[in-house]
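> Shown below is the structure under consideration.
The values are calculated or read from the model by the stated rules, or taken from the named source; none is laboratory data. Here the structure is a predicted model, which means the values were calculated and not measured. We place every Cβ from the backbone using ideal geometry, glycine too, and count neighbours over all the protein chains shown.
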Amino acid sequence: MQQSKVVQLPLTPPEHKVLVTQPYVPSLDKYMHYVEKAFDAKWLTNDGPLLKELTDRLKDYLGVKYLLLVSNGTAALQLAYKIKNLSGKNVISTPFTFPATTTALEWQNANVILSDIDRNSWNLDPHAIEQRLTKSDISAIVPVNIFGMPCDMEAFDKLGKAHNIPIIYDSAQSMLAKYNGKSVLQYGDIHCMSFHATKLFHTVEGGALTFNNKEDYERAQRLINFGIGENGVVEEPGINAKMSELHAAMGLCILDDLPMLIENREESVALYSNKLADVITFQKSKNDIYTPPMYMPIKFESEDALLSTLTQLDQHGYTSRRYFYPKNHEFLQRKTPPLLPVSDTISNKILCLPLMHNLDKEHIYKITNIVKRSM
Ligand SMILES: *Cc1c(COP(=O)(O)O)cnc(C)c1O
């Protein structure tokens, strides 16, 4: 196994640093307006009015029928894997993702089979999976729309139908993404979303599932509430994965501001892209897609170039972050590490630049100049 390189970073006073991201915080007045409702009603959790309001507004906004708010994105993944009965089964997923995608599968006692990614979109490559599916021992596929960019969703839908297996999306970063002009949530069987504070839309901690199937939705409703069914009887062992009213209140504030947040970050992404167009490779798709402005990932020619840029940025007070590094499969305990040549090279070369609400344009000029200089 290749040794991860350790960089000695010089110390920059933390108060002067521009972080790689920062949560969007709405006005306290607006938050209090919603929280007051919860205080007045003395209803703090358990299917309260704010949770219902957020659920209805999100369903409308996203154009989905079955949406369930939960305590966080990882719980959403665990629930989806539970609902599709993946314990003891083989499940194909991507090595290039946040650890939770696959550690939640292992937590659910599934056997994770990592398959390689596409060299342009950095998403799970459906063609690499086709061959493996002929063995008929795969029970689900878990693609991720990484950095919010939709993967080859139609190809995965076809594979799912041909082999009669569910496609469960880790859509933690792609709630607002579009594929062929439609919401990505229209594809596949289940989508799992994260509303963590660092995400574009957030509820501090939180998440959601969307389903294309009513039975799955109803089972999930029970499972997040200890397995208790409508008549108060425990129908199967569940957990507690409910979202509280205070978290829903934050979601309502952010939903009010969301169009403005998207526009603001799109301007930053456009400026970055424009300034770096000549020197950098960006994530690309051959499909008709919309990627929400969640991250600003750039790909270097070599790991050395990445490390020197990261150090330069740090010395000028800018935090950048390697995604996803250390490589995911290094902590999935495997006797024989899988052969993932594309993912292995790409995860050594991706760096995310600062992106957050109201990031000063001056910073983007400085950051892009540093990146260019250190190439
Ligand atoms: C954020 C994220 C998660 C985890 O979500 P939490 O709400 O933090 O539990 C899972 N997968 C991906 C791809 C993510 O970006």
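> Across the stretch 25-36, what is the total count of residues that are in contact (Cβ under 8 Å) with a residue 60 or more places away in the chain and either in a helix (DSSP H, G or I) or within 24 Å of residue 241 (Cα to Cα) (or both)?
Residues that pass the stated criteria total 4.
> Based on what the data block shows, is residue 188 among the small types (Gly, Ala, Ser) and within 16 Å of the ligand (Cβ to nearest atom)?
When the stated conditions are applied, residue 188 passes them.
> Condition check: surrounded by fewer than 17 Cβ atoms within 10 Å (Cβ to Cβ) and away from the ligand (no atom under 16 Å from the Cβ). Does residue 249 satisfy that?
Spelling it out, it is not the case that residue 249 is surrounded by fewer than 17 Cβ atoms within 10 Å (Cβ to Cβ) and away from the ligand (no atom under 16 Å from the Cβ).
> Given 79, 54, which one is within 16 Å of the ligand (Cβ to nearest atom), at pLDDT 95 or above, of a type outside the set (Val, Ile, Thr) and over 30 Å from residue 111 (Cα atoms)?
Unique residue meeting the criteria: 54.
> Take the conditions surrounded by fewer than 23 Cβ atoms within 10 Å (Cβ to Cβ) and either more than 16 Å from the ligand (Cβ to nearest atom) or more than 20 Å from residue 175 (Cα to Cα) (or both) and apply them to residue 205. Does it pass?
no
> With the requirement that a residue be more than 16 Å from the ligand (Cβ to nearest atom), touching a helix residue (DSSP H, G or I) at 6+ places or on another chain (Cβ under 7 Å) and outside any helix (DSSP H, G or I), what does the stretch 144-166 give you?
Passing the criteria: 152, 166.
> Out of the stretch 107-128, which residues are within 14 Å of the ligand (Cβ to nearest atom) and in a helix (DSSP H, G or I)?
Residue satisfying the conditions is 107 alone.
> Which residues, counting only those in the stretch 124-149, are touching a residue at least 40 places away in the same chain (Cβ under 8 Å) and within 14 Å of residue 97 (Cβ to Cβ)?
Across the stretch 124-149, the qualifying residues are 125, 141, 142, 143, 144, 146, 147, 148, 149.
> Testing residue 176 on (1) among the aliphatic types (A, V, I, L, M); (2) closer than 19 Å to residue 80 by Cβ; (3) surrounded by 22 or more Cβ atoms within 10 Å (Cβ to Cβ), one condition comes back false. Which one is that?
It is condition (2) that residue 176 fails.
> Which residues, counting only those in the stretch 81-102, are of a type in the set (A, V, I, L, M, F, W, C), under 15 Å from the mean Cα position of the chain (by Cα) and either part of a helix (DSSP H, G or I) or not assigned by TED's automatic domain parsing to the domain that holds residue 174 (or both)?
100
> Can you pull out the residues in the stretch 30-53 that are of a type outside the set (Ser, Thr, Tyr) and under 18 Å from residue 261 (Cα atoms)?
Correct list: 30 only.
> Mind listing whichever residues of the stretch 143-167 are farther than 14 Å from residue 118 by Cβ and within 13 Å of the chain's Cα centre (by Cα)?
148 - this is the single residue of the stretch 143-167 that is farther than 14 Å from residue 118 by Cβ and within 13 Å of the chain's Cα centre (by Cα).
> Continuing with this model, one more query. Of the numbered conditions (1) in the same structural domain as residue 202 (by TED's automatic domain parsing); (2) in contact (Cβ under 8 Å) with a residue 60 or more places away in the chain, residue 22 fails exactly one; give the number of that condition.
Here residue 22 meets the rest and fails (1).
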